[in-house]
Amino acid sequence: MHGVPARVPLGFAGLLMIAALLAAQTDTPRRTVWDGVYTEAQAERGKAAFGQSCSGCHALAVDGKSPLVGEPFWKSFAQETVGDLLTYVSANMPNGAPGSLNESTYRDIVALMLKSNGFPAGSADLRRDAVGAVQILPKDGSTELPANALAHVVGCLSKTGADWVITKATTPERVAAPGGEDATRPLGNRTMPLKFVITRLDPLAGSRVVVSGLLIGPGGADGINVTAVTRVAQKCP
């Protein structure tokens with residue numbers, strides 16, 4: 001019996017240690033493309049590979065054919081990770097023979113894409129196992145998606161006059177299939193007009209829905225060009 005009280009302080013100390021570790025993890029800054037995730041030498045190697053395998057369809061200049069820099073880059077990859085970018089390039093390039101290059105070549109091409117978009121080089125080569133969580137965000141850390149990005153929002157469907165809107169909308173995020181969490185996730189405080197709606201939405205009025213489509217204006221400031229509306233809960237919120 002004398003040993004029991006002695007165990008209590010040890011357990012409490014252990015809990016304090018766990019709490020401190022969790023706090024430290026929470027405070028750890030997220031890595032982004034601005035932290036340097038490739039090397040200059042790697043981007044230089046990427047030039048030859050890009051010229052041989054990609055330049056016939058894409059350009060690394062904003063005024064070129066199907067550019068991979070500037071607004072088209074942000075429209076496709078803002079909010080994604082460098083790991084997502086590497087996976088996409090590996091699965092879709094080169095045109096007509098996707099996935100035909102070796103892993104190191106794809107990494108070099110992605111390094112060149114990052115350099116061409118103005119992201120700084122670092123001290124270590126880009127590796128798949130090191131960039132899975134490295135986020136592609138503007139330098140100010142904003143998570144707002146650009147105009148014309150394909151996105152989805154969750155909110156309450158209602159009608160204003162002849163126009164449909166989604167109220168209490170969440171921040172637009174990259175398109176994903178509606179999931180169970182969409183029925184209970186916290187909503188936002190935005191109101192977004194729904195544009196170019198071609199399906200009858202009256203049966204969904206008052207429901208919690210997921211709306212997918214192209215954002216009109218940065219962050220969907222002017223609405224969303226609708227491709228799909230899916231009910232995830234009968235009532236909203």
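Structure above, values below:
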item	result
Spin-label proximity, Asn117 to segment 57-73 - amide N less than 15 Å from point 7 Å beyond Cα toward beta carbon	59-62, 67-73
Unpartnered cysteines - no second Cys beta carbon under 4.7 Å - across the chain	Cys54, Cys57
Segment 39-118 - percent relative contact order, Cα under 8 Å, separation 6 or more	43
Accessible surface of Leu214 - all protein chains present, 1.4 Å probe, nearest 10 Å²	70
Value of [θ]222 nm, deg cm²/dmol, for the chain, DSSP H segments ≥ 4, -39500 (n - 2.57) each, nearest 500	-10000 deg cm²/dmol
Dipole in debye (nearest 20) - segment 137-214, about Cα centre, beta carbon charges: Lys, Arg +1; Asp, Glu -1	100
Gyration tensor verdict on the chain (Cα atoms; rounded if a/c is under 1.5, prolate if a/b is larger than b/c, oblate otherwise)	oblate
Dipole magnitude (debye, nearest 20) for the chain, charges at Cβ of Lys, Arg, Asp, Glu	580
Shape call, segment 140-237: gyration tensor on alpha carbons, a/c limit 1.5	oblate
Residues of segment 153-193 with amide N under 16 Å of the 7 Å Cα→Cβ point at Ala147	193
Listed residue (Ala162, Ser116, Ala133) projecting farthest to the positive dipole end of segment 113-201, Cβ model	Ala162
Residue pairs, from the table Lys65/Lys115; Lys168/Lys195; Lys75/Lys235; Lys195/Lys235, whose Cα atoms sit over 28 Å apart	Lys75/Lys235
Projected label distance in nm at Asn189 and Ala91, using a 7 Å step from Cα toward the beta-carbon	3.7
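The values are calculated or read from the model by the stated rules, or taken from the named source; none is laboratory data. Everything numeric in this text was worked out from a predicted model, so none of it was measured. With ideal geometry, Cβ positions are generated from the backbone for all residues, glycine too; neighbour counts draw on all protein chains shown. SASA here: full protein model, heavy atoms, side chains in, ligands and nucleic acids out. Shrake-Rupley method; radii C 1.70, N 1.55, O 1.52, S 1.80 Å.
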